[in-house]
1. Out of 111, 129, report the one residue that is assigned to a loop (DSSP other than H, G, I, E, B), more than 19 Å from residue 162 (Cβ to Cβ) and touching a strand residue (DSSP E or B) at 6+ places or on another chain (Cβ under 6 Å).
2. Identify, by number, the condition in (1) more than 19 Å from the chain's Cα centre (by Cα); (2) part of a helix (DSSP H, G or I) that residue 66 doesn't meet.
3. Out of all the residues in region 182-192, which are touching a strand residue (DSSP E or B) at 6+ places or on another chain (Cβ under 9 Å) and either assigned to a loop (DSSP other than H, G, I, E, B) or surrounded by fewer than 17 Cβ atoms within 10 Å (Cβ to Cβ) (or both)?
4. Would you confirm, using the coordinates I've provided, whether residue 162 is in contact with a helix residue (DSSP H, G or I) (Cβ under 6 Å, 6 or more places away or on another chain) and either surrounded by fewer than 15 Cβ atoms within 10 Å (Cβ to Cβ) or assigned to a helix (DSSP H, G or I) (or both)?
5. Kindly check whether there is at least one residue in region 213-227 that is closer than 15 Å to residue 159 by Cβ, in contact (Cβ under 8 Å) with a residue 24 or more places away in the chain and part of a loop (DSSP other than H, G, I, E, B).
6. Could you please let me know if residue 100 is touching a residue at least 24 places away in the same chain (Cβ under 8 Å) and closer than 19 Å to residue 11 by Cα?
7. Are any residues in region 1-28 under 17 Å from residue 261 (Cα atoms), surrounded by fewer than 22 Cβ atoms within 10 Å (Cβ to Cβ) and in contact with a strand residue (DSSP E or B) (Cβ under 9 Å, 6 or more places away or on another chain), and if so, which ones?
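The values are calculated or read from the model by the stated rules, or taken from the named source; none is laboratory data. The model shown is predicted, which means the values in this text are computed figures rather than measured ones. Note that each Cβ is placed from the backbone with ideal geometry, even for glycine, and that neighbours are counted across all protein chains shown.
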């Protein structure tokens, strides 16, 4: 039986597409194509038309780069969340942030989910989600600081490390008052991991699904796909769809992607092949 997942009062039973919209000038994939306010709004519209169930708005590039202060992150994301909420009243809005101050502001602006890709470095973020009655993504970043790329990171068993961390974070969030059916876990491919780690997580994704928490995967165009296939960032779409299909088959529920329409079609195909998933 699939674990329940409820966001913005909606029960998300099937494969759920989470579209990425970054208000950053230096995103690794789109290179700032949606940094402008109007461009970001248009990208949201296109994602919804393409079948996205959730839109994940980010204001800080994941990798190393220019410093983005709390004030600047707020400037980039809060007004956009408010505008998207007005434009798409029923859309589930997620915000990719590790900062509690940002989480609180976007919750007031209309966000439904806080996507904490850096694994709980600010413990108050879970408290913010609980206080505002919204959801939380609990991820594993190898206990690394935000926007860092560790050198020669190692684990005795990367999947065991992931499961131990994300389930502890999920239980902590639930104890603080975040609704259990609004909590997701994310192994966070490439965050605090090398390509071998990300491939191992993908092969063994069923072990994460077996924890009973809904699993989110964020693999779209990532380095582990590029390194495995020898493809540059703009040529990783086919590899991304393959990994999405495998992840869906192994039990993932939410899929964070740059190409919402393509992902929707790929996941619909998996659903037809195995309607019990």
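1. Numbers: 129 fails: assigned to a loop (DSSP other than H, G, I, E, B).
Testing whether each residue is assigned to a loop (DSSP other than H, G, I, E, B), more than 19 Å from residue 162 (Cβ to Cβ) and touching a strand residue (DSSP E or B) at 6+ places or on another chain (Cβ under 6 Å) leaves just 111.
2. Every condition holds for residue 66 apart from (2).
3. Of all residues in region 182-192, those touching a strand residue (DSSP E or B) at 6+ places or on another chain (Cβ under 9 Å) come to 182-189, 191.
Hits for region 182-192 are 187, 188, 189, 191.
4. Working: in contact with a helix residue (DSSP H, G or I) (Cβ under 6 Å, 6 or more places away or on another chain): no; either surrounded by fewer than 15 Cβ atoms within 10 Å (Cβ to Cβ) or assigned to a helix (DSSP H, G or I) (or both): yes.
Taking the combined requirement at face value, the residue does not satisfy it.
5. Looking through region 213-227, at least one residue is closer than 15 Å to residue 159 by Cβ, in contact (Cβ under 8 Å) with a residue 24 or more places away in the chain and part of a loop (DSSP other than H, G, I, E, B).
6. On the way: touching a residue at least 24 places away in the same chain (Cβ under 8 Å): yes; closer than 19 Å to residue 11 by Cα: no.
In short, no.
7. The answer is 15, and nothing else.
The rows are residues; the columns are (1) farther than 18 Å from residue 5 by Cβ; (2) surrounded by fewer than 19 Cβ atoms within 10 Å (Cβ to Cβ); (3) at pLDDT 95 or above; (4) in contact with a helix residue (DSSP H, G or I) (Cβ under 8 Å, 6 or more places away or on another chain).
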{"site": "218", "(1), (2), (3), (4)": "no, no, yes, no"}
{"site": "223", "(1), (2), (3), (4)": "yes, yes, yes, yes"}
{"site": "229", "(1), (2), (3), (4)": "yes, yes, yes, yes"}
{"site": "245", "(1), (2), (3), (4)": "yes, yes, yes, yes"}
{"site": "254", "(1), (2), (3), (4)": "no, no, yes, no"}
{"site": "259", "(1), (2), (3), (4)": "yes, no, yes, yes"}
